[in-house]
Each structure stands twice: as C-alpha cells, then as structure tokens.
Amino acid sequence: MNDTSSQLFYFYNRHPISRDIIVAKLRASHGHLDNLRPEDLYAHDQDHYGGLNATDELARAAQIGPGTAAADFCAGLGGTVRYLAHKYGADVTGVEFTPVRAAGAQELTQMVGLQETARIVEGNVMDAPLADASVDAVVSQESFCHVPDVKKALAEARRILKPGGRLAFTDWVANQPLAAADVQLMWDGMAIQPLRSIPDYRHLVEGVGLTVLSVTDLTEEWRPILKERLAMYQRLREEARQSGTPVGHDAFHESYIRFVDLVQQRKLGGVRIVANK
C-alpha cells in the first residue's frame, strides 16, 4: 500500500460523517430502520459544500435527467449517487476508492431501495472500472484534491464518456501559493494533494481532450458555507464522542480549521468546471 492509499484510508476511516454516524441518526429520528425513503438520508449523507443545491447545479450542467447513464467519481458514502438516481431518474454508478466508504455506501443504498439504479463500486478513478463510452455524464464533488494524478482521472472521465457527454465537477483550488507548513497540514489532516490555480485546472481539463464550457470561481460562495460546515463538524465530533463512534483524528480538525481560515482569506477556494467530449 502506498503513502497516498494509507493516508486516504486513515482519513476516511475516521471521517466525522460515516455510515455508523448516519445509521445512528436515522435510528434516533425514526426509532427503526424499516421502510426508509431516499429523502430520509438527505440531511445526513450530502458530504459536499452547498448540499443538494450544489448537486442540482452539477446535474443541470451535466444535463442529467431520466435515463441518463452517469458516473460519480470519488463517490464517498453515495449521497450524490442516490440523489441523482432518485430525483432525476438517472442510472448512476459511483466509483469510491476506500473500502469502508464503498461498503457503507452500498448498505445505505440498499436501506432506501435504490440498488437497481444507484450503485457504488470500489475502484480507483485513475483506472475507472467502467467501459469506454458507457456514460452520458461524469460528476465529482470536492474529491479530485485527494487524487494523486488528476490528469489520469480526467482522462478516465473522457474515456468513459460517450461522444457529446459532459463532465461537471467542483474542487479545491489554490488562489495563492500555500506556505510549506500549510501544505503539510492539509496532507496530514485531510490527505490533500498539491493544489492548482483555476487557470491551471482549466488547462488540465483541456489537456486531456475535453472542451471546457464554463469555469466558475466558487470561493466567495464557499466562504459562509465552510464556516457553517466547520461548526457542523465540531457538533458531529461531540455527538460521536457521546455515542462511542469514531470522532476523527485531531489532525483533521486542526487542518479543517486552517482550511476554513485560508478560504476566508481567499488563499484557497473552489471551482466548478463543466466540459464536454
């Protein structure tokens, strides 16, 4: 196992949003786990900035609708996969690298009865387990920042897209170069790979043969969202401690506090890029 794999497994095995946390919350709110609906998960499984509204933006950008074959790169616990399948009627396959989250995603999907149109497979987005020209859309949310070679992941997205298919994703960017101490902190706490600027990201997408349709700087939009997200993580950490579930490692919380601070300073930020094949 290489250093990146070890770091990702360590980070996500202790992430403050987990299958166990979600199930505990469902039990607390419903008293049981019977007859759950996809909507019952929305308050718990949308682990990306901006919640369902952000996913709706990607769905519109990627032209996802009834019958669309879609892939979600770095699918995590499958929140986006299930939402696109349920709300939009798409057939969605999520690719998730970490075994614990892939397994948790599959279990949550079965709990709400979406396994026929929403599936999460364990795999590496740099070598996606999907056939050439097999999907109409590829989406990803704040996840390529963990991928060692984003160019390979983007090339894989292009490979599996049908002609005319769309890629729509959001990710972290560096609006200014980070100090070495911050680079190390982001790696130690959240397995963040070296980040690039928005122009560099656009060139990377174009470099794999995709045509960029739009580039949106999300830094200002993310600033209040991330303040709220930090407060949520702090609440979740205390709830996890009380329930006896993993509370996340200290380096994550230290790095996330610094991440939010850097976004407030506009040194870090976000981008949404839409492209087609």
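The values are calculated or read from the model by the stated rules, or taken from the named source; none is laboratory data. Here the structure is a predicted model, which means the values were calculated and not measured. Positions of Cβ are generated from backbone atoms using ideal geometry, with glycine treated the same way; all protein chains shown enter the neighbour counts. For the accessible areas, the whole protein counts, side chains as well, though only heavy atoms, and no ligand, DNA or RNA atoms are used. Shrake-Rupley method; radii C 1.70, N 1.55, O 1.52, S 1.80 Å.
Under the convention that each Lys and Arg Cβ holds +1 and each Asp and Glu Cβ holds -1, the size of the dipole of region 92-237 around its Cα centre is about 120 debye. About its Cα centre, the chain has a charge dipole of approximately 300 debye under the convention of +1 per Lys or Arg Cβ and -1 per Asp or Glu Cβ, with nothing else charged.
For VAL138, neighbours were defined as the other residues whose beta-carbon sits under 12 Å from its Cβ, and their charges (Lys and Arg +1, Asp and Glu -1) total +2. Taking Cβ atoms as reference points and 14 Å as the exclusive limit, the residues near ASP127 contribute a net charge of -1, counting Lys and Arg as +1 and Asp and Glu as -1. Element breakdown for region 115-242 at a 1.4 angstrom probe: carbon and sulfur atoms account for 50% of the accessible area.
Partner aspartates and glutamates whose Cα lies under 12 Å from the Cα of LYS25, excluding those fewer than 8 positions away in the same chain, are identified as ASP40, ASP45, GLU239. Look at the dipole of region 1-134 built from charges on Cβ: of SER18, VAL81, THR93, the Cα furthest out on the positive end belongs to SER18.
Counting only residues at least eight positions apart within a chain, or on another chain, the lysines with an alpha carbon under 29 Å from that of LYS277 are LYS87, LYS151, LYS152, LYS162. The mean of 1/r over all pairs of different alpha-carbon atoms in region 123-202, once inverted, gives a Kirkwood hydrodynamic radius of 13.7 Å. Equivalent ellipsoid of region 94-153: semi-axes from √(5λ) of the C-alpha gyration tensor, largest first, are 21, 15, 10 Å.
Within the chain, the ratio Rg/Rh, alpha carbon atoms throughout and Rh by Kirkwood, equals 0.94.
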